[in-house]
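The values are calculated or read from the model by the stated rules, or taken from the named source; none is laboratory data. Just so you know, these numbers come straight off a predicted model, no measurement behind them. Note: ideal-geometry Cβ built from the backbone for every residue, glycine included; neighbour counts use all protein chains shown. For accessibility, only protein heavy atoms count, side chains too; no ligands or nucleic acids. Shrake-Rupley method; radii C 1.70, N 1.55, O 1.52, S 1.80 Å.
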Amino acid sequence: MSLTRRDFTRKSAITGAGVALAGSVGALATAPNALAATDIDNDEAESARGGHHGVGYGPLVSDPNGILALPAGFAYKIITYSGRTKLESGEFTPSNHDGTATFEGPRGTTLLVNNHELAGARAQWPHPVPLTEGLVYDPAAAGGTRPW
């Protein structure tokens, strides 16, 4: 299943309309229990109450790998590494990951699409976004999206 520019624009418009109907992004971020705890939380008071009862998921826990601090009980998994992970095409994963989205794929799969903000000529980047026939918008651009 390929995603055309028209499909992308339509899905983006639907998402934008959903945000507009639900409220601003700032309002969505202030939904109860949708944020990490603030500096106002007091660890001693929290322990005395038998756990975290404030707004959010609790304080961020330092990541021993120094990549991403998350609240207790949360985890992350790195899927691609720039210049290290190889794509299906055999080329290395480009750098400057920006936006990421998922789409329903064939036979129950999920397609992950990463955008790479690589400005300037392709030649100045060691790992530009691969040029995939039929999916290239600007063959001179180093950046763009690629399915994973």
> When you go through Gly120, Gly73 one by one, which is the residue that is at positive phi, open to solvent by 60 Å² or more (accessible area, probe 1.4 Å) and not β-branched (Val, Ile, Thr)?
Replying inline: Gly73
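Open to solvent by 80 Å² or more (accessible area, probe 1.4 Å) and either of a type outside the set (A, V, I, L, M, F, W, C) or assigned to a loop (DSSP other than H, G, I, E, B) (or both): does that describe Pro64?
yes
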> Of all residues in region 124-148 being among the aromatic types (Phe, Trp, Tyr) and touching a Leu at 6+ places or on another chain (Cβ under 9 Å), which is modelled with the highest pLDDT?
Replying inline: Trp125
>> Would you confirm, using the coordinates I've provided, whether Asn65 is modelled with pLDDT of 85 or more and either acidic (Asp, Glu) or closer than 30 Å to Ala123 by Cβ (or both)?
In response: no
